[in-house]
Amino acid sequence: MELRQLRYFLTVAEELHFGRAAERLHIVQSAVSQQLRRLERELGTELFARSTRVVRLTEAGERLLPYAREMLALQARAREAIDELRAEQAATVRLGTSSGLGARLDAVLTAFTRHAGHAQLELVTGSTEQRLAQVRAGDLDAALLRGERTHPGLEFLPLWQDVLVAALPAGHELAAGETVELARLADLPLRLSARSRNPALHDLVTRSCRAAGYTPVPGPEFTNDQDTLAAIGHGKPSWTVFYAPHADQLPVPGVVFRPLSGPTPVMRTYLAVRNGPPRAALRALIEACYEAAEGARA
């Protein structure tokens, strides 16, 4: 039994006329008759009583009619579901990104390509508050951000943790070791972004310094990677911090990166999404982020 045969059967049952049914189906009448004869042979009974004037359903035809309607309705719903999925997979996912992700972002992009089919990923930059506001408003599908927080209507999915490393002048005595204790940086000016620009990082660094027994000496404000690292490498001795995955992509003459200890500052990254079930393309992004997080823990 073919769906095509059921469609022909249903059309003839509605028209009770082979010619009009053929017109509706945009095929010749003989094709309709031929397919319905095949269906009747397969079922072993006649579905229509035919005469030169009248076409009517037999008892077998009457019994088949509701099942034919149900099966064709199921076919239509299945096609709609697949069309909807294809449309979602071909959509664009807008992701707000955080600075300093380094290889983590590369891992997310690679995994998304595997999971998302034909969906496209658009990366959007902005401050943390801007990205959160855009996710709430639906202008972004999701945003990567660092530091734990709560916002009404948003869910924060925990991903990976990154340690902070110190950026030091290559010629400084503290750069000689493989690691550097936070306490030994007490007298060296710290170049840090203003808290208003990056409260999560600012609070983590100052809290870690206090845990090591001191309040950091404020140096010139961190402006951007290039200028700040150039000043550290060639200017008055100072230091700053970078996330380890970011530092791995920043070989800079005159500057070395050293892991911190006593304590070791660690920051967790989250994916912010709106509450509720995600569409297919966003699910692919979430899966890609979790895959990247698993790779970070491996």
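Here are the numbers:
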{"read-out": "Hits in the range 1-49 (condition: farther than 21 Å from residue 75 by Cβ and touching a residue at least 12 places away in the same chain (Cβ under 8 Å))", "value": "16, 17, 18, 33, 45, 46, 48"}
{"read-out": "Qualifying residue in the range 83-103 (condition: in a helix (DSSP H, G or I) and closer than 30 Å to residue 165 by Cβ)", "value": "yes"}
{"read-out": "Some residue of the range 228-243 being hydroxyl-bearing (Ser, Thr, Tyr) and in contact with a helix residue (DSSP H, G or I) (Cβ under 7 Å, 6 or more places away or on another chain)", "value": "yes"}
{"read-out": "Filtered residue count, the range 43-69, keeping only those that are at pLDDT 90 or above, of a type in the set (Lys, Arg) and either more than 54 Å from the chain's Cα centre (by Cα) or not in a helix (DSSP H, G or I) (or both)", "value": "1"}
{"read-out": "Output for the range 109-130, where each listed residue is touching a Ser or Thr at 6+ places or on another chain (Cβ under 8 Å) and within 14 Å of residue 146 (Cβ to Cβ)", "value": "128"}
{"read-out": "Residue 228 being hydroxyl-bearing (Ser, Thr, Tyr) and touching a Phe, Trp or Tyr at 6+ places or on another chain (Cβ under 7 Å)", "value": "yes"}
{"read-out": "Count - residues of the range 46-66 that are loosely packed, with under 14 Cβ neighbours inside 10 Å and of a type outside the set (D, E, K, R)", "value": "5"}
{"read-out": "Residue within the range 54-75 that is touching a residue at least 12 places away in the same chain (Cβ under 8 Å) and in contact with a Ser or Thr (Cβ under 7 Å, 6 or more places away or on another chain) present", "value": "yes"}
{"read-out": "The range 1-30, subset part of a helix (DSSP H, G or I) and over 49 Å from the mean Cα position of the chain (by Cα), residue surrounded by the fewest Cβ atoms within 10 Å (Cβ to Cβ)", "value": "30"}
{"read-out": "Leading residue by the ranking (nearest to residue 198 (Cα to Cα)) among those in the range 104-125 that are β-branched (Val, Ile, Thr) and outside any loop (DSSP other than H, G, I, E, B)", "value": "124"}
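The values are calculated or read from the model by the stated rules, or taken from the named source; none is laboratory data. Predicted model only: the values in this text are computed from it and were never measured. So basically every Cβ, Gly included, is an ideal-geometry build from the backbone, and we count neighbours across all protein chains shown.
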